[in-house]
1. I want to confirm something. Restricting to region 82-102 and keeping residues that are under 15 Å from residue 132 (Cβ atoms) and acidic (Asp, Glu), which single residue is surrounded by the fewest Cβ atoms within 10 Å (Cβ to Cβ)?
2. Looking at (1) crowded, with 16+ Cβ neighbours inside 10 Å; (2) closer than 21 Å to residue 40 by Cβ, which is the one condition that is false for residue 105?
3. All but one of (1) under 20 Å from residue 149 (Cα atoms); (2) out of contact with any Asp or Glu (no Cβ under 9 Å at 6 or more places or on another chain); (3) at pLDDT 95 or above hold for residue 6; which doesn't?
4. Might you check whether a residue that is within 25 Å of residue 273 (Cα to Cα), within 20 Å of the chain's Cα centre (by Cα), surrounded by 13 or more Cβ atoms within 10 Å (Cβ to Cβ) and outside the structural domain of residue 243 (by TED's automatic domain parsing) occurs anywhere in region 52-64?
5. Take the conditions part of a helix (DSSP H, G or I), more than 26 Å from residue 93 (Cβ to Cβ) and not aliphatic (A, V, I, L, M) and apply them to residue 215. Does it pass?
6. Contact list please: Cβ distance under 6 Å, first residue in region 16-41 and at negative phi, second residue among the acidic types (Asp, Glu), pairs at least six apart or on different chains.
7. Do you know which of the residues in region 272-284 that are of a type outside the set (D, E, K, R) and closer than 20 Å to residue 239 by Cα is nearest to the chain's Cα centre (by Cα)?
8. Consider residue 178 against the criteria (1) over 23 Å from residue 292 (Cβ atoms); (2) modelled with pLDDT under 95; (3) in contact with a helix residue (DSSP H, G or I) (Cβ under 8 Å, 6 or more places away or on another chain); (4) not in a loop (DSSP other than H, G, I, E, B): it satisfies all of them except one. Which criterion is unmet?
Amino acid sequence: MEIHKVGVVGCGLMGSGISQAAAVAGFPTVVRELSQELLDRGLASIARSLAKFVEKGELTAVEKAQALGRLQPTLALEDFADCDLVVEAIVENLDRKKELFAELDRIVKPEAILASNTSSISITELMTATRRPTRFLGLHFFNPVPLMKLAEVVRTVATEPEVVQLGLDFARRLGKTPVLTTDRAGFIVNRLLIPYLVDAVRALQEGVGTIEDIDQGMKLGCNHPMGPFALMDLVGVDTTCYITEILFNEFRESRFAPPPLLKRMVLAGMCGRKSGKGFYDYADPKNPKVNKLLQ
């Protein structure tokens with residue numbers, strides 16, 4: 001089997017990025033959202049992103065037009081019927097994802113592969129909603145998808161070796177460097193990243209340093225592109241907190257436990273860039289200031 005046509009469920013931040021990457025790589029790509037408004041917003045985001053690549057000389061205007069032409073926007077899951085691979089990129093909610101995969105399993109052809117872009121939820125648990133455990137895997141991309149070069153390919157105990165190889169090959173065709181991992185909470189990246197982020201919050205709570213000084217320390221001392229607090233604001237404070245809870249529930253180790261400050265920020269709606277305020281205040285997005293309420 002080869003992958004010729006791709007489906008992406010969700011056209012938000014991650015779904016639009018995956019759709020863009022697939023279309024640029026030459027795949028006819030069906031992308032679905034729950035409403036026309038959300039679909040239009042996602043497609044507009046893709047068009048803006050492609051325009052930036054043209055401005056930088058990394059794509060031609062013709063290649064941009066061809067990529068947009070490969071996108072088939074839809075509101076109907078039935079349009080995934082002839083896809084060879086369908087990637088789920090909806091909200092990080094186990095029940096919602098399982099409901100979706102149960103529907104997709106009834107619609108797509110038997111030989112099609114189903115995959116989840118989840119960053120933390122068990123691929124095996126999602127797999128149980130379908131009748132195709134051997135043709136199910138995780139394809140975890142990173143934000144922003146068109147720029148980030150990594151993709152985690154997650155195999156379960158039931159995933160066929162052929163399907164794993166197709167997942168690796170698909171990631172490479174999108175210009176990504178795939179890493180293969182087993183289905184354990186957090187996979188590779190978040191399993192290592194989350195304790196680092198959690199420790200940064202604990203250091204702040206204990207007065208080790210300010211938000212700005214801790215971020216500067218990691219940027220200049222470890223050559224990270226951004227500090228832990230700026231990174232949590234980019235990923236989403238709520239998303240970070242959600243992942244910590246999943247990791248803690250699986251491993252029951254204190255290094256994964258969400259700090260109280262993280263929970264309180266989520267309750268207060270301080271979710272980072274997307275809400276306008278997190279560890280930094282984004283009233284002026286081009287010049288964010290430290291959120292003084294936290295210090």
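The values are calculated or read from the model by the stated rules, or taken from the named source; none is laboratory data. From a predicted model like this one, the values you see are computed outputs, not experimental measurements. Glycine also receives a Cβ, built like all others from the backbone with ideal geometry; neighbour counts cover every protein chain displayed.
1. Restricting to residues being under 15 Å from residue 132 (Cβ atoms) and acidic (Asp, Glu), the top hit is 84.
2. Here residue 105 meets the rest and fails (2).
3. (2)
4. No, every residue in region 52-64 fails to be within 25 Å of residue 273 (Cα to Cα), within 20 Å of the chain's Cα centre (by Cα), surrounded by 13 or more Cβ atoms within 10 Å (Cβ to Cβ) and outside the structural domain of residue 243 (by TED's automatic domain parsing).
5. Details: part of a helix (DSSP H, G or I): yes; more than 26 Å from residue 93 (Cβ to Cβ): yes; not aliphatic (A, V, I, L, M): yes.
Here the answer is yes, as residue 215 does meet what is asked.
6. 30/79; 39/33
7. Per the criteria, the residue is 272.
8. Looking at each condition in turn, residue 178 falls short on (2).
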